[in-house]
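The values are calculated or read from the model by the stated rules, or taken from the named source; none is laboratory data. Because the structure is predicted, anything quoted here is derived from the model rather than measured. Note that we place each Cβ from the backbone using ideal geometry, even for glycine, and neighbour counts take in every protein chain shown. Protein only, heavy atoms only, side chains kept; ligands, DNA and RNA dropped before computing areas. Shrake-Rupley method; radii C 1.70, N 1.55, O 1.52, S 1.80 Å.
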Amino acid sequence: MSDNASDRTRDFLGSGKPLRNAKTLQWDSRAGVLRQVMLDRSPDLVFLLGPDGRFVFLNDAVDRMLGYTKDGLLGEHYSRIVLEDDLGLARNLFARRSGGVEEAELRLRLHPNRAGPRPAQSTTVWTEIKVSHLDAADGGFAGTCATARDISERREAQQSLVFHAHHDWLTHLPNRVLLDDRLDLAVAQAERGNRCLALIFLDLDRFKLVNDQYGHTVGDRLLQAVAKRLQNCLGAGDTISRFGGDEFALLLPDMVSKREAVAAVRRVVRRIRNPFIVDGNEHNVSASIGVAMYPEAGGTAQALLQSADIAMYHVKNRGGNGYRFFAGAMNRRLSRRFILEQELRTALAEDALSVYYQPRVHLDSGTIVGVEALARWDRGTTHSPGDIVEANAFLPIAEETGLISEIDAWVQRRAFEDAARWRTAGFKPCISVNASPHQIEGGDFVQHIDELLKITGLPPYAVALEITEETLTRDIEAAVPKLDYLRRRGVRIVIDDFGAGYSSLSHLRRFPIDALKLDHRFVSGIEAGHANIVEAIAGIARGLRLDLMAEGVETRGQLSYLREQGCLEAQGFLFSRPIPAEEMADVLCADPYRWLHTISDKTSER
């Protein structure tokens, strides 16, 4: 300790006289040196303040913690290093206590010395300060003895934990927990003020295709870009939250009317529809948006969330890319959907589904060259007898709930068994079965098909596997080897509903496929003046040397045009509706050329 510092300390302590609070310091030369060494090696800042709040002693930690020298601060008032916003707290902390309270503890923010020999990098040091207020022997206030511990890192860690507990890690938007709190508060304020509020639930359409085609890194960057745009749509009091995945919620707490909410939603839609550029690639994004207004869509936060989700689901169920406000009738329709889902699970567990078959006719010979297996569900066990539900009514639910792979496997097994019986009876049509992307991505897909071929004895060339265009845009690296293996075994691979999805020529060239099957909507458009689409797809098939097939053929006019475009096989009501396996057996037994007159009739109905 320097002579100057020693003198200041002795003056502060009253020339070494005992203190009335029994914290007596012995200042002989040896004890003083030892005490100074211990104080200077302490990781905490130790200092003494005189009655006027000026420093009379500091240990070496002041340099390590704040970047000041001891001599530079001795004689200075503590306000020099205390953050201005915390000066009130500091005055209360360092002032003499009344009522016999001698010790206190508080957190204060201190200024580091950013202009010293070793400039500090931070602008604020959080400290935990403990003080003891000292009385001199004569009864006066001797000052304050204090220790300050740097808790900046601990506080940053605590703040980080609190932030991440209430915010999404990717976009840094509020998460579901924080939104719930703000929504509860907004509902309470709206109720007291007799005001409206809007809750918008937004789900990006087909976002999984981005992850599948470009990878999750690009998908994450796209989500961050979407989040930034949505933030720019909101006012100061609004909240945007990421629920997880590709779902976002927007809380607009101060709505005057539904018209104002409509304007806000349209602003969101316009922003989202503008292309996003990520890593040099352009991404066009659309969203399914559901809106719930307080109080008509619900009087609580939970009710509003549920209503917005229901409205969003109705948009998504109709193809997405739009918005709808919640209406009471939606609840009733959604309840029917949930009932349908539960009954479907029961039907699958009880083996209550059935398979119908629709013949595929060769357009040169008029003979049946194949049959497509189509799932049907007879709900007559719980409803009126013969209440047959077609696949397009329940397969979307099966896809959402993860039941689709199980249904695919069930239909394939039943179809292989029926086809094997027909072959034993002498009829050998190719059996076409559908395989969803979910099933193909499964680890046992190839083994499942191999096992069915082995059990039923069907030759691989008697099987056609129909996949959708969605399969082309999902996990290509996983799907191609599986389909390539089956095709090399002899199984025919057909792209079903071609033209209705989002495939590209580059994907078509990579996949081991044999044929394209025209979607029924394009076939029905032939006589409505949209035949050019069929012509374009026929050109693609010829260019890639793939067979062209068609479904949904209902008129001779459509049939005639398809033949002109080189279509080899067709199915549809013009030939036969989907029928049960027993009726299909009768059809196979009938005249094999029964549709020859149909395909030979040159009368055009176009």
Total charge dipole magnitude, the range 204-319, about the Cα centre, Cβ charges on Lys, Arg, Asp, Glu only, Debye to nearest 20: 360
Extension gain, Y214 back to S524 (0.36 nm per residue minus Cα-Cα distance, nm): 108.1 nm
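Between R563 and T424, what's the calculated FRET efficiency when r is the beta-carbon distance and R0 is 25 Å? Round to 0.05.
Details: r = 34 Å, r/R0 = 1.34.
So the FRET efficiency works out to roughly 0.15.
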In nm, spacing of pseudo-spin labels at I540 and E451 (7 Å Cα→C-beta vector): 3.5
FRET efficiency, 1/(1 + (r/R0)^6) with R0 45 Å, evaluated for A157 and R345 via beta carbons: 0.45
Potential extension, A115-S354 segment - 0.36 nm per residue separation minus Cα distance: 77.8 nm
In order through the range 49-61: 3J(HN,Hα) via Karplus (6.51 cos²θ - 1.76 cosθ + 1.60), integer Hz, x for Gly, Pro: 10, x, x, 8, x, 9, 5, 10, 7, 9, 8, 5, 5
Karplus 3J(HN,Hα) series, Hz, for the range 162-178 with 6.51 cos²θ - 1.76 cosθ + 1.60 (x for Gly, Pro): 5, 4, 6, 6, 10, 9, 6, 5, 7, 9, 6, 7, x, 9, 4, 4, 5
Within the range 508-555, trypsin sites (Lys or Arg not before Pro) in DSSP loop having at most 15 other beta-carbon neighbours inside 10 Å: R545
Distance in nm between pseudo-label sites at F338 and F573 (7 Å out along the Cβ direction from Cα): 3.5
Label-point gap, in nm, between H164 and E406 - each point 7 angstrom along Cα→Cβ: 3.7
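Would you mind calculating the relative contact order of the range 146-301 from Cα pairs under 8 angstrom and at least 6 residues apart, reporting the percent as a whole number?
31
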Computed E for N92/N331 - FRET, C-beta separation, R0 60 angstrom, nearest 0.05: 0.55
Among the listed pairs K208/K517; K70/K130; K208/K228; K228/K258; K316/K482; K428/K454, those beyond 23 Å (Cα-Cα): K208/K517; K228/K258; K316/K482
Length gained when the stretch F141-E128 is fully extended (0.36 nm per residue, less Cα-Cα span): 2.3 nm
Exposure of E441 as accessible area (Å², to 10), given a probe of 1.4 Å and all protein chains: 80
